[in-house]
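Bear in mind that the values in this text are calculations on the coordinates, not laboratory data. It should be emphasised that the depicted structure is a prediction, and the values quoted were computed from it without experimental measurement. Counting neighbours? That spans all protein chains shown, and the Cβs are built from the backbone with ideal geometry, glycine included.
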Amino acid sequence: MGLANLLSTLLPASDSDPEPETPATATTAEDATSTDVVHECRSCGTNVSADTVRCPACDGEDIVSYSID
Ligand SMILES: [Zn+2]
């Protein structure tokens, strides 16, 4: 008595319509574009570059960085 025999006992029989295997292509094109990191002034919301420590718009030093996925 094998595993397949056991499964056929537990599951409803559908011998004429075998269930197709789910393709293992879980990685889509959206996943290929990796995580984008955005750096933004917390005071005024201006987008700045990664190495910016002071906002060019409002001269604030609160630069926050977060990732968009
Ligand atoms: Zn700012």
Exposure proxy order (Cβ contacts within 10 Å, fewest to most) of Ile68, Ile63: Ile68, Ile63
Linear extension gain, Leu6 paired with Asp51, 0.36 nm per residue minus alpha-carbon span: 10.1 nm
Distance (nanometres) between label positions extended 7 Å along Cα→Cβ at Arg42 and Ile68: 2.1 nm
